[in-house]
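**Student:** Sending over a structure as structure tokens; questions will come in a sec.
The values are calculated or read from the model by the stated rules, or taken from the named source; none is laboratory data. Everything quoted here is computed from the prediction, not taken from an experiment. With ideal geometry, Cβ positions are generated from the backbone for all residues, glycine too; neighbour counts draw on all protein chains shown.
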Amino acid sequence: MLTVHWTPVSKTKNILKNGITKSKKGLYCFPLTGHKAIDRWWLYFFNHCGVRQRMKYNGIVFRIKQQDLPAYFGHWIGATNRDIFKKEIKTVKQLGVEFKNNITWRLGEMLARQANLGNDIYDFDQRSELHLKLAEQEIAKSPKSLADKLNDLDFMTFALEDYQIVLTNSVPADRIVKLIPQGDEFGRVKRLKEKYGT
């Protein structure tokens, strides 16, 4: 699974040379979805919620490997630097299953809302059972429905916007796949525009 870790531009050069160093609680990252708006959700959060001083960020993309685990995958609330949370995911395969289950559960939740079902169910486990059942029925009826949802920006935002992955270990520099700039331009293009004013 490819993920992105957002870091201030001032730290990018050091990360490209030495890798991404985990914080006290772990290394915080986000699953790369291919949807620009979702992949940059944390960037928008950092710049608009006031928890951090506004600054420029770069996204460091890398692939999660077994050596990075155990991991936490879930909502950021209850899993911040101030909180104690469990990293219960032990394998990369298990992380992939958790990711798929979250998408499936959200599909079922959306179907339940549309059909006005489960409003009288207050037990989380029973509600989850209903959501999974509805999603499985939808997928059985139309096997393409889940793939279609993965390409639907609104649905993927609904399913993942405030989720995060927290890994246990640091990631070495040779595992970095690419860099995502905060803006649409950086590096050579930006320098040329500054030089020639166009």
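**Student:** Test of understanding: among Asp174, Asp184, which residue is within 30 Å of Asn18 (Cα to Cα), modelled with pLDDT of 90 or more and exposed (fewer than 12 other Cβ atoms within 10 Å of the Cβ)?
**Tutor:** After ruling out the rest, the residue left standing is Asp174.
**Student:** Additional query: Which of the following residues is of a type in the set (Lys, Arg), more than 30 Å from Thr12 (Cα to Cα) and surrounded by 16 or more Cβ atoms within 10 Å (Cβ to Cβ): Arg113, Arg106?
**Tutor:** Sole residue among the options that is of a type in the set (Lys, Arg), more than 30 Å from Thr12 (Cα to Cα) and surrounded by 16 or more Cβ atoms within 10 Å (Cβ to Cβ): Arg106.
**Student:** Considering only residues that are outside any helix (DSSP H, G or I) and among the β-branched types (Val, Ile, Thr), look in the range 136-174 and name the one that is farthest from Asp39 (Cα to Cα).
**Tutor:** Thr168
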